[in-house]
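For reference, the structure is listed below as C-alpha cells.
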Amino acid sequence: MIHCGMRILPLASMILMGSVTAQAGEANVLINQQPTRVGGAYSDTEFVTMFGQQIWQERADSFQLPTSAAVSAIAAWGFYDLDNPPAVETMRIRFYSARPGDGFPGSILREEVFTSFSRIATGEIVLVGVGPREFRYTFTLASPLALNAGATYWMELAQIDDPVSAFLWEWSDDGDHKHAYINPFVIDWTQSN
C-alpha cells in the first residue's frame, strides 16, 4: 500500500519513547513517512487536468500516535505536475478526527492556511511525467494541537487558489496508514491504494 509522504513533529520540549531521529533540528519526530519519489496524488483545490478540465481534489492521510503529544510542526514532500511551482503559494492543512462507522475523515479538528512557510527543492526528481523536482515543505502551526495516543486522525495538505500549477502530495510506503481522496466525481471520502 502507498501512503502520503509526511512527518509530524511535536513540541520541542516533548520527549517520546521510541521516537525516530530525523534530520538535524527535528528532534522528537512522532511519525516519519519518507517519500518514494515515484509519484503522488493531486491535493489541490483548483487545477486544470491534461484534458483542460478545471477540477479540485483533496487528499488526506491517516495516522495514530504511539503516545499523546502536542503537534506543532509538519514537514511534507510534494511536486507540481508540470514542474511549475508558483512564485507565491497558499497551502492549507486540516486535521480531522476519524468518523464513526467507516473511519474516514470526519470532523475538522484544526484548519490552518499558510502563505508563509518553507518550500525547498530537495535536489531529487519524482519519476513521473516530465520528471518534476521534489520539494520539502515545512509548516509551523499557530498553536500546538494536542492529539491522543491510539486515536485515528487524518491530515490533509492542499494547495489552494492557484489554477496554473497542480500540486501533488508525494507517496510514501512507510508505516501502516491509509489515504483517502475526495473530488467532484467521488462525492465522499474514498480510500486509494
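Exactly one residue out of Val186, Val130 is β-branched (Val, Ile, Thr) and open to solvent by less than 50 Å² (accessible area, probe 1.4 Å): that is Val186. Would you confirm, using the coordinates I've provided, whether Ala149 is in contact with a Ser or Thr (Cβ under 7 Å, 6 or more places away or on another chain), small (Gly, Ala, Ser) and on the phi < 0 side of the Ramachandran plot? So Ala149 fits the description; yes.
Residues in the stretch 102-127 that are more than 30 Å from Leu82 (Cβ to Cβ), open to solvent by 50 Å² or more (accessible area, probe 1.4 Å) and at pLDDT 95 or above: Ser107, Ile108, Leu109. Identification of strands (runs of 3 or more DSSP E) wholly contained in the stretch 110-193 with 1 or more residues that are under 21 Å from Gly39 (Cα atoms) and over 15 Å from the mean Cα position of the chain (by Cα) yields 118-125, 133-147, 179-183, 186-192.
Assess whether Ser68 counts as being farther than 19 Å from Phe114 by Cβ, buried (at least 22 other Cβ atoms within 10 Å of the Cβ) and at pLDDT 85 or above. It is false that Ser68 is farther than 19 Å from Phe114 by Cβ, buried (at least 22 other Cβ atoms within 10 Å of the Cβ) and at pLDDT 85 or above.
Does Tyr42 meet the test of being surrounded by 14 or more Cβ atoms within 10 Å (Cβ to Cβ), closer than 13 Å to Leu168 by Cβ and in contact with a Leu (Cβ under 7 Å, 6 or more places away or on another chain)? Yes.
The values are calculated or read from the model by the stated rules, or taken from the named source; none is laboratory data. The model shown is predicted, which means the values in this text are computed figures rather than measured ones. Counting neighbours? That spans all protein chains shown, and the Cβs are built from the backbone with ideal geometry, glycine included. Surface areas here come from the heavy atoms of the whole protein model, side chains and all, with no ligands, DNA or RNA. Shrake-Rupley method; radii C 1.70, N 1.55, O 1.52, S 1.80 Å.
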